[in-house]
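Enquirer: Structure provided below as C-alpha cells; questions to follow.
The values are calculated or read from the model by the stated rules, or taken from the named source; none is laboratory data. The structure displayed is predicted, hence computed values, not measured ones. Cβ: placed from backbone, ideal geometry, glycine included. Neighbour counts: every protein chain shown.
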Amino acid sequence: MVAVLTRFSWLVVLIGMMPAWAAAQTNFELPPPPEDPAEVLTMLDEPGKAKLPILGRRFRIDFQIDQITLVFFRELGSAPVVLIQPDGTKWYAAKHPRENVTWHSQAEFDMITIDKPQPGPWQVSGRVLPDSSAMVVTEVQFHPDPIPNPLYAGETLKVSGRLTNGGKPIEMPAFRDVIKLDVIFISSNNPEYDNFGVDPTRVGEFRDDGRDLDEVQGDGEFTGSFKLNVRPGEYRPTYRVSTPLLQRSVQQDLVIVKPLPVAIEVEKAKTVDGDHKLLLTPDTEVIKPGSLVVNGRTLYPNAESEEWSVNTAQEAPYEVAIPSYAFGRYVITMDVFATDNNGREFIATAEAFEFIANEPPPPEPTAAERAERERLRVEAERAEQERLAEQQAQQMIWRVVIILLANILIIALAVGLWWWLRRRKAKSAEVAESAEETT
C-alpha cells in the first residue's frame, strides 16, 4: 500500500495565466525562473529540485497570477490540508472565502482553485505524501488517435490517446489519476440521417489502469474501449477532459455510423420435430468475402441456452440450426468479427434478435388417411340419415296417435253433449206433464 501511495504527488495547476511572456516570468522560488515555463515551479530552499517534504514548505505566487489551482496528494483517509496565506490567514476545507475559493476534497487529495490569490510565500500543512513532487501545468491537452470512418452500429472500438503538458508527455501518474476522460457521440443533426435529433450518448472512457483493453497500467497511454450502442447516422466524437473543478472538450471530425452489415433472418420449423434455421447474410459491398466469423448464443423458451459459431468454411448465407426445444420466445445474441473492404478489422455486437415459435399446423394427410377419412365421413352421413329417417318415422307415429286421440276426444265430447241434451229434454217433458196433471 505504501508503494502505491507514494506515487501520488503535489500538483500546482496554473489556469487563466497571463500570456506566454508573463508566464515565463512567473516566479515560484527565490532563484530566477528557468526559461521553460513548464519547469518554472521549484521549492524554496531547494532550487532546481521538484520535491516537497510533508510539512511547512512554502511556494511563492507571483502578483501576475489571476487564478491558480492547487492539487495536494496526501495519505489515504487523512484530513484535508490547511493553506496558510502570506499574511498568516489559514484556510480550511470547511472554512474559506466562498466568493473566490473553490475547494474539492476526496479521500486522497485536495484540489483548490483561487481567484486573484494573494502574492507572496504560501505554506501548506497536512499529511502530504513525503515523496511528493511539483509541476506547472501550462496547457494540458489530450491527443487521441483518429477514429476510423465509417464505423458500425454495435462495434467495440479501441482508441488510444496521450496527455501532454505544454506539448510534453505528463510523467506524473498522480496527475493522470485526477483527470477523467469521457467519449461522447453527438449527433450532427443532419436530417439526411436516422440519428437526427437524438441526444448525445456517452459511449466510453479512456483509462490508464491496465484494465479492459488498456495494456500497461500507468504508462501514459490512455486506452478507450467504446461500445457504439447508438443509432446509425452521422456523429461528431467529443472527448471531455475533466477534473473535479474543470472541464474541457475536444472534438474530432464527423464520422458515419452504419448499420451492422450482416442481415439476420430466421426460417421457422414447419414440423414439431424440425429445427429452426438462422440465416446470416453479410453485405459483400462492405465486408470482405470469407472474413466473417460469428460467435452466438441462443436462449430457448425453457430458459436453457446454447452457444454456437459460424466460420467462413460455409457459404453465404450462413445457416445455424436452432433446435425446436419448446414453443415460445427465442433470443439470439451474436458477436461479429469481420474485415471490411478497406482492410479494417472490426468487432461488433449485434442487437438481440428475437422470434416467436408457435406450434406448427398438423402435417397433410396421406392418401390412405384421406380415404379412411372419406369412408368415415360417408358412414357418418349414412348413420345421420338413418337417424333422421327413424326420427321422422317416430314423429309420424306420434302425429297419428295424437290425431286418433283428438278424434276420440271429439267423438266422446259429442256423444256426451248429445246425451246431456237428450236427458235435459226428457226432464223438461216430465216436468210439463206433472204440471198438467196437477191442474
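Enquirer: Taking residue 339, is it among the polar types (S, T, N, Q), surrounded by 10 or more Cβ atoms within 10 Å (Cβ to Cβ) and under 30 Å from residue 300 (Cα atoms)? If you could, list the steps in order and put the result at the bottom.
Expert: Numbers: among the polar types (S, T, N, Q): yes; surrounded by 10 or more Cβ atoms within 10 Å (Cβ to Cβ): yes; under 30 Å from residue 300 (Cα atoms): no.
So residue 339 fails the test.
Enquirer: Next question. Does residue 301 satisfy the condition of being under 30 Å from residue 222 (Cα atoms) and either surrounded by 14 or more Cβ atoms within 10 Å (Cβ to Cβ) or modelled with pLDDT under 90 (or both)? Outline the logic, then answer.
Expert: Details: under 30 Å from residue 222 (Cα atoms): no; either surrounded by 14 or more Cβ atoms within 10 Å (Cβ to Cβ) or modelled with pLDDT under 90 (or both): yes.
Judged against the criteria, residue 301 is not a match.
Enquirer: Being surrounded by 13 or more Cβ atoms within 10 Å (Cβ to Cβ), of a type in the set (S, T, N, Q) and within 22 Å of residue 242 (Cα to Cα) narrows it down to one of 105, 78, so name that one. Walk me through how you get there before you give the answer.
Expert: Numbers: 78 fails: within 22 Å of residue 242 (Cα to Cα).
Exactly one residue qualifies, and that residue is 105.
Enquirer: Are any residues in the stretch 193-209 modelled with pLDDT of 80 or more and assigned to a loop (DSSP other than H, G, I, E, B), and if so, which ones?
Expert: 193, 194, 195, 196, 197, 198, 199, 200
Enquirer: Quickly run through the stretch 99-145 and pick out the residues that are among the hydroxyl-bearing types (Ser, Thr, Tyr) and either outside any loop (DSSP other than H, G, I, E, B) or modelled with pLDDT of 75 or more (or both).
Expert: Here is the first cut: in the stretch 99-145, the ones among the hydroxyl-bearing types (Ser, Thr, Tyr) are 102, 105, 113, 125, 132-133, 138.
Answer for the stretch 99-145, where residues must be among the hydroxyl-bearing types (Ser, Thr, Tyr) and either outside any loop (DSSP other than H, G, I, E, B) or modelled with pLDDT of 75 or more (or both): 102, 105, 113, 125, 132, 133.
Enquirer: Might you let me know whether the stretch 269-276 holds any residue that is over 21 Å from residue 229 (Cα atoms), assigned to a loop (DSSP other than H, G, I, E, B) and in contact with an Asp or Glu (Cβ under 9 Å, 6 or more places away or on another chain)? Give the steps one after another, and end with the answer.
Expert: First, the residues of the stretch 269-276 that are over 21 Å from residue 229 (Cα atoms): 269-276.
Among the residues that remain, those that are also assigned to a loop (DSSP other than H, G, I, E, B) are: 269-275.
If we keep only those that are in contact with an Asp or Glu (Cβ under 9 Å, 6 or more places away or on another chain) too, we end up with 269, 272.
Looking for residues that are over 21 Å from residue 229 (Cα atoms), assigned to a loop (DSSP other than H, G, I, E, B) and in contact with an Asp or Glu (Cβ under 9 Å, 6 or more places away or on another chain), one finds at least one in the stretch 269-276, hence yes.
Enquirer: Would you confirm whether or not the stretch 367-381 contains a residue that is under 60 Å from the mean Cα position of the chain (by Cα) and either surrounded by fewer than 10 Cβ atoms within 10 Å (Cβ to Cβ) or β-branched (Val, Ile, Thr) (or both)?
Expert: For the stretch 367-381, residues under 60 Å from the mean Cα position of the chain (by Cα) and either surrounded by fewer than 10 Cβ atoms within 10 Å (Cβ to Cβ) or β-branched (Val, Ile, Thr) (or both): present.
Enquirer: Restricting attention to the stretch 304-332, report how many residues are outside any loop (DSSP other than H, G, I, E, B), touching a residue at least 24 places away in the same chain (Cβ under 8 Å) and surrounded by fewer than 16 Cβ atoms within 10 Å (Cβ to Cβ). If you could, list the steps in order and put the result at the bottom.
Expert: Restricting attention to the stretch 304-332, the residues satisfying the condition of being outside any loop (DSSP other than H, G, I, E, B) are 305-310, 318-322, 328-332.
Those left that are additionally touching a residue at least 24 places away in the same chain (Cβ under 8 Å): 310, 318-322, 328-332.
Retained after the next criterion (residues that are surrounded by fewer than 16 Cβ atoms within 10 Å (Cβ to Cβ)): 319, 321, 328-329, 331.
Final tally of qualifying residues: 5.
Enquirer: Consider residue 362 against the criteria (1) modelled with pLDDT of 85 or more; (2) under 27 Å from residue 269 (Cβ atoms): it satisfies all of them except one. Which criterion is unmet?
Expert: The failed condition is (1).
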